[in-house]
Amino acid sequence: MSKVTKEFIYGMPKAELHIHLEGSLEPELKLKLAKKNNIDLGMDTVEAIKETYQFDDLSSFLDVYYQGMEVLQDRDDFYNLAMEYFKTAQKHNVKYAEVFFDPQAHTTRGVAFEEVIEGYYKATQAAKKLGIKANLIMCFLRDMSAESALEHYQMAKAYQDWILGIGLDSDERDNPPLKFAELFKMAKNDGYKITMHCDIDQKDSIKHIEAVLYQIGAQRIDHGTNIIEDQSLVDYAVENEIGFTKCPVSNRFVTGDLKSKEIKSLLDQGIKVTINSDDPAYFQSYISDDIYTLAQAVELTKAEIIQLAKNSFEVAWISEAEKKNYLAQIAKYVEKED
Ligand SMILES: [Zn+2]
């Protein structure tokens, strides 16, 4: 097979499964919404905003990230934010997306849950016109209480048909997965799909991954790269086809390392690894850029790029018929490119 090019990666039909809509807020839109909502950011150029995007760990990133959200005030803002992401995703040949949103990051600022969900859901419907099917995953902020998560879970009841899955994100320090065990059990019983973040190099990373797999019974793990330290967990994840949504450029921002060798090794061991952008506006890298960065770092072959794309649909929460259809699109693309 010939060498992997940037064009080959960009053109590949793919699914994105780990993207925080709030993390796709580009400086241009941030400025526009600040103006619309009369919010003084203390900055009035794209360059000034970009200068604040300096992070050396997860906490310093989260500080800037939550601050940026204040410009999101009503359903139109949420709609526009999501549509900007879908328009960019279209250029990367994303055919299917499961997108995260964090209601607590907005309700705690006084924005009604309805504004958030109505805006985002409308965008998922409009994305169809761009050739993208999209579903919402509602995430809880793990650094808030289990009671707050439950309160938001109840708020979402009226919108259950609009929400495909439940996730867990934000600061993992001292906020283990089991803090939310009861809630995720309930969510599973209510028919939601389940995923959880297990961030890179956290205190008790392995313990957390173990809890997510064995006790919570999640179908996917977001990041979860430290699983490589425990062969029995790797074997379990391979056998049970657990999806792992990796984000190499995000890893570099918060840990100084793409974790490319670990990602490649997990892929070689048969883990269903997928590559995603996480918070693309903040890390200035959308899905194909992440795949290309990884491909360069560990010299991925064409076959491995194809495998990553296949994995993204195989661990997506879609029907078998849909998976078959998307995999056929990959086969057709590869045939044309060869
Ligand atoms: Zn994430």
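Some notes on this structure:
- S260 being without any contact (Cβ under 8 Å) to a residue 12 or more places away in the chain, away from the ligand (no atom under 15 Å from the Cβ) and open to solvent by 10 Å² or more (accessible area, probe 1.4 Å): no
- Within the range 202-226, the residues that satisfy the criterion of being within 16 Å of the ligand (Cβ to nearest atom) and either in a helix (DSSP H, G or I) or in contact with a helix residue (DSSP H, G or I) (Cβ under 9 Å, 6 or more places away or on another chain) (or both) are Q202, S205, H208, I209, V212, A218, I221, H223, G224, T225, N226.
- Residues in the range 118-127 that are open to solvent by 10 Å² or more (accessible area, probe 1.4 Å) and either touching a Leu at 6+ places or on another chain (Cβ under 9 Å) or in contact (Cβ under 8 Å) with a residue 60 or more places away in the chain (or both): 1 in all.
- Of all residues in the range 286-321, those that are closer than 24 Å to T195 by Cα, in a helix (DSSP H, G or I) and open to solvent by 50 Å² or more (accessible area, probe 1.4 Å) total 5.
- Single match in D74, D57 (criterion: over 28 Å from D199 (Cβ atoms) and open to solvent by less than 70 Å² (accessible area, probe 1.4 Å)): D74
- Residue check for Y282: among the hydroxyl-bearing types (S, T, Y) and more than 16 Å from the ligand (Cβ to nearest atom): no
Residues checked against (1) of a type in the set (F, W, Y); (2) closer than 30 Å to K203 by Cβ; (3) touching a strand residue (DSSP E or B) at 6+ places or on another chain (Cβ under 6 Å):
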| residue | (1), (2), (3) |
| --- | --- |
| H18 | no, yes, yes |
| E22 | no, yes, no |
| E28 | no, no, no |
| K50 | no, no, no |
| Q73 | no, no, no |
| F86 | yes, no, no |
| T108 | no, yes, no |
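- Residue match in the range 39-51 (condition: hydroxyl-bearing (S, T, Y) and open to solvent by less than 50 Å² (accessible area, probe 1.4 Å)): no
- Residue, farthest from S170 (Cα to Cα), within the range 200-220, restricted to residues that are in contact with a Ser or Thr (Cβ under 7 Å, 6 or more places away or on another chain) and surrounded by fewer than 19 Cβ atoms within 10 Å (Cβ to Cβ): Q219
- Test: residue in the range 26-38 that is more than 16 Å from the ligand (Cβ to nearest atom), out of contact with any Gly (no Cβ under 7 Å at 6 or more places or on another chain) and among the acidic types (D, E): yes
- Inter-residue pairs, beta-carbon under 6 Å, first small (G, A, S) and in the range 245-256, second surrounded by fewer than 24 Cβ atoms within 10 Å (Cβ to Cβ), 6+ apart: S250/F283
- The residue that is least open to solvent (accessible area, probe 1.4 Å), counting only those in the range 229-257 that are among the acidic types (D, E) and part of a loop (DSSP other than H, G, I, E, B), is D230.
- Cβ pairs under 6 Å, 6+ apart, first in the range 98-115 and more than 17 Å from D76 (Cα to Cα), second among the polar types (S, T, N, Q) and away from the ligand (no atom under 16 Å from the Cβ): E98/N135
- Any hit, the range 96-117, residues being within 20 Å of H18 (Cα to Cα) and open to solvent by 50 Å² or more (accessible area, probe 1.4 Å): no
- Qualifying position, being in contact with a Phe, Trp or Tyr (Cβ under 6 Å, 6 or more places away or on another chain) and farther than 17 Å from S24 by Cα, among A146, A123, A127: A146
- Residues within the range 165-180 that are of a type in the set (A, V, I, L, M) and either within 11 Å of the ligand (Cβ to nearest atom) or crowded, with 18+ Cβ neighbours inside 10 Å (or both), tallied: 2
The values are calculated or read from the model by the stated rules, or taken from the named source; none is laboratory data. Model, not experiment: these values are computed from the prediction. Cβ atoms come from the backbone with ideal geometry, glycine included; neighbour counts cover every protein chain shown. Note: areas computed on protein heavy atoms with side chains; ligands, DNA, RNA excluded. Shrake-Rupley method; radii C 1.70, N 1.55, O 1.52, S 1.80 Å.
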